[in-house]
Each structure stands twice: as C-alpha cells, then as structure tokens.
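Only one structure is covered here, and it is reproduced in the block below.
The values are calculated or read from the model by the stated rules, or taken from the named source; none is laboratory data. What you are looking at is a predicted structure, and each value in this text was computed from that prediction instead of being measured. All Cβ positions, glycine included, derive from the backbone under ideal geometry; neighbour counts span all protein chains shown.
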Amino acid sequence: MLMGGVSLVVRPLQLVGTIILARLLSPSDFGTVTLAMVLIGTSYMFVGLGMDAALVHSEMDRKKVAFQAFAISLFSGILSFLVLSINAEIISSILGDVDVAVFRGLLPIILFTTLTIVPEAMLSKELRFNRLSAAVIISEIMYMIVAIILAVMGYGLWSLVYGKIASALVRVILVWLFNPSWDWIKPKKWDWDIMRSLLRFGLQTTAGGIVSYFHTHWDDWFVGRQFGTTALGYYSKAYDLSNNVLSSFSRSVINGVFFPSYTKIQNEKERLTRVYLKSYYVVLLMMVPISLGMLVLAPELVPVLLGPKWIPMITTLQIFAFMVLVRPLSENTVPLFLAVGRPNYMVRAGLVLSVVMVPLVIGLSNWGIEGVAIAVVISHIAGVAYNLVLVERILPGIIRPTLSAFVKFAVMGLLMALCVQLVKPYVLQLVGGIPNVLSLVILVMVGVVVYCGLAFLTQKTLIYELVQLFLVGLKIENRFPKLAAKVAE
C-alpha cells in the first residue's frame, strides 16, 4: 500500500505541473510530442522482451537469471535504438506532422529505459517498494522541474522533450543506486535453458504489451494524422487528465505490488481469489470518485486550471471519464494473468479490444475527437467483458462479486456526482457566476465529504485495513492500538 500512497502523492504533483505547462505551452506543442512518443513508446514493448515480468515470475535464484535477463534486454534495447535512429526520417513521415529532430531528441529514452528494466524488476520481486516508489517520485518531479523551467525560458515543445529525458536518466541512476549488489552486470556462465525459460515467458508478455500499447495509443496516431497536432493536443491532454490517473496507479500499485503478491500465492486459488477481490476494491475505492467527479466538474475544471485555450477539450474529457470508471475491471487482471503464467490471456483480451476499436474509431471519426473518444470507451467496455470471462476461468465464481462491487461503488460515485451537480448553481452564484479557484475548491470538497461519508458507512472494514496498511508502511502502527482492534473485529 506504500506504492498506493506514493501514487496519490505523485499524482497531485503531476497535476500541478501539468497545469503550469498547459498555461505555458500550446496544445500543438503537446500534440507534437505525444505523436513522437507513439513510436518511442512502442519500442518500450520490445526493449527488454518482457524480462521484467519474466524475472519477477521466475522461481530461480535471481543471481542466476539477473545477468542473462539484463543481457537480453540490453541487446534488444540497443537494437531498437539503432533501428529507429537509422530510419528516423521515414518513421517521422509515417507518424504524421512530427519534426524529425523532435523524434531523434526523444530516442535516448529507449536506452535509459533499457537500463532500468532489470533493477526495477528486482526491487519489485524483493518487495522493496519504498525504494521503487522513491525512484518514481523523484523522476516525476525531475520531469516537471526541468520542463517548467525550460518552458519559462521559452524552449517551447523542447521543454517537454528535455524534461522526459531528464526524468528517464534520473530514474536509471536511482534504481541502480537502490540495488547496490548490481547482480545483473556481474557476468555469469551462459545458460541456454535459463535464456529459453525467460524468453518463453517474456515474449508472451511482450506480445500482450504490444497489443495493449496498440489499443492504448493507436488512437493518438489516428487523431494526429486525421485532425492535426492541435486536435491531438486536446485529445491527449483529456486522456492524460483522466486515464493517466489510473495508468500511474496501475504501474505503481497494480503491477508493481499486486503482481509479485499474486505470484507468491499463485497456487492457492481460495487465497488468490480473496486477495484479487481486495485489490479490486482498493482500485474502485480510489478511481470511482475521480471518474465521476471529473465528469461533473470538467466544465469548471478546464477553464479554471488550464485556461480558456483548452476549453475545446471539455467534452472529450467528460467522455474519457467514463473509461476511468470501467477500466479498473480489466486493469487488475494483468498482474493476475502474469502471476498464474497466462500472459497469452493478455494478448487475447487486447486483440478483442483492438478488433472492436479500429472500425469504431474510423466509423465515428466524423464526429471529431469526441467521436474517437466515444469509440475508445465502447471498445474498452467490450474488452472488460472479455477480461471477466478469462478471469472466471482462473478463479471460478469471480464474476458475481466483481460486478456486485462495481455496482456498489458506482452508486456511491453517482450519488456524489449528483450532490455536486445540485449544489453547483448555488456555488457559482456565490462567486459571481463565473467559475474560479474558490468555486472549484468548494465543489471538490462537497464531493470529497459526500463520497468519504458514503464509503465509511458501506466500506468501513476496507478503509480500516487500508489505513492500517499505510501505518505499517510508515512503521508507526503500534501508536494506534485501537485501529488494530477495529480491523481485528
């Protein structure tokens, strides 16, 4: 749960940085960098060939597998970097309205990512989430600091490029320092059986990652090619403000914590079912109010925080808010599939989502970026349905409690959204009819009070457990004996 706390700490910092950058830069700047990152991000799927997941899943001695995993990931990373560097001009033209210099400027991120794969996997495998979380926090803060300073100095979109490079470099340095043994760079006698074992699992994971990345970012490429970088700036920022909340939580908590936890109990079906449901409750508890709060407050949030130039993205942001509501149903399945050795399920689920998404995006593109966003949300609903079928095969009987929990949390979120909507006219009248920071703060506080009250009434035990886990992470649980007694009840 420490990683969950980290995610909740980092995200507000990211939000503040995003607001500042959105006011300093244009939608076109964000769109250009987003388009360039489409293929850079795709290379992440090949860099490492799934060695991070394979290393965490492997039951072999880490000293025997770390060097080989690092050698495999390093080779694939360097190869990806060289291929993209040599063909940068061709690739830039395929992507669309992307300056080849921007594309080349982002390429070093591939090499930095290659160097973090194995040490981050080892931290995760050893459950050293405090060190991993520190690397996440500091690297994200570094991105914001560098990007904001350079944006103020007038570097334009290059402030985003240099910020991403600085963040990736700092993350490499930190995860290496946090793994002082450096087992992965100590040469070992090459074992072909170990290599085949790692690649057998890693390549299946890579295939799932490629499919997942396709259905996550293919729409970015389509919007950039079809409507231009300014429209992509609106579209990507709407996605960032909504779904990247879940994505950052997914990387740090769902994949970072639940995957190694599931792995340790992968053969205990009853216990695995309980832990899976509990982790799902945690994700819903945090994501539902964010989703529905964003839906009801988007018309005030965008002009107040980002400025009037971002108003065209309001409807798109509201549409994407629905995806935050349904994605927790499928996000938690990824570490489960990996833990039980079924990464092929990720591929199958991703293919279903992609098959639904591509024709829908093309068909609804006549409605602009809003139509594309609707298509993406519908395709994710289809993907969620198929994911539940696959989870049922692993944990029989899981669908009913999963859907039941979703309905309960969704009802709480809808009641919260309804209360906020009802008081909104009175709050706006109080501040003169025009949304400002004060009205936004009041409305957010109304939502927080209502949702927390409903959650405490209906999910008291879950909240007590989360608080206790947080205190354990801080090593101060002995100071709160009454809380421990509450949880024991």
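A few points about this structure:
- Pair list, Cβ < 6 Å and 6+ apart or interchain, from the stretch 339-357 residues that are farther than 18 Å from Ser379 by Cβ and modelled with pLDDT under 80 to residues that are assigned to a helix (DSSP H, G or I) and among the hydroxyl-bearing types (Ser, Thr, Tyr): Ala339/Tyr262; Ala339/Thr263; Pro343/Thr205
- Single condition Asn179 does not satisfy, out of (1) within 20 Å of Thr18 (Cα to Cα); (2) not in a helix (DSSP H, G or I): (1)
- Of all residues in the stretch 100-125 being free of Cβ contacts under 8 Å to residues at least 60 places away in the same chain and over 20 Å from the mean Cα position of the chain (by Cα), the one that is surrounded by the fewest Cβ atoms within 10 Å (Cβ to Cβ): Ala101
- Breaking point among (1) crowded, with 18+ Cβ neighbours inside 10 Å; (2) at pLDDT 90 or above, for Ile398: (2)
- Val384 being among the β-branched types (Val, Ile, Thr), farther than 30 Å from Gly453 by Cα and assigned to a helix (DSSP H, G or I): no
- Criterion (at pLDDT below 70 and buried (at least 19 other Cβ atoms within 10 Å of the Cβ)) met by exactly one of Ser291, Ser250, Ser261: Ser250
- Selection status of Ser354, of a type in the set (S, T, N, Q), within 27 Å of Trp221 (Cβ to Cβ) and surrounded by fewer than 18 Cβ atoms within 10 Å (Cβ to Cβ): yes
- Checked against (1) buried (at least 19 other Cβ atoms within 10 Å of the Cβ); (2) part of a loop (DSSP other than H, G, I, E, B), Val161 passes all but a single condition, namely (2).
- Candidates Trp176, Trp158: the one that is of a type in the set (Phe, Trp, Tyr), in contact (Cβ under 8 Å) with a residue 12 or more places away in the chain and closer than 23 Å to Met122 by Cα is Trp176.
- In the stretch 415-459, the residues that are exposed (fewer than 15 other Cβ atoms within 10 Å of the Cβ) and within 25 Å of the chain's Cα centre (by Cα): Val448, Cys452
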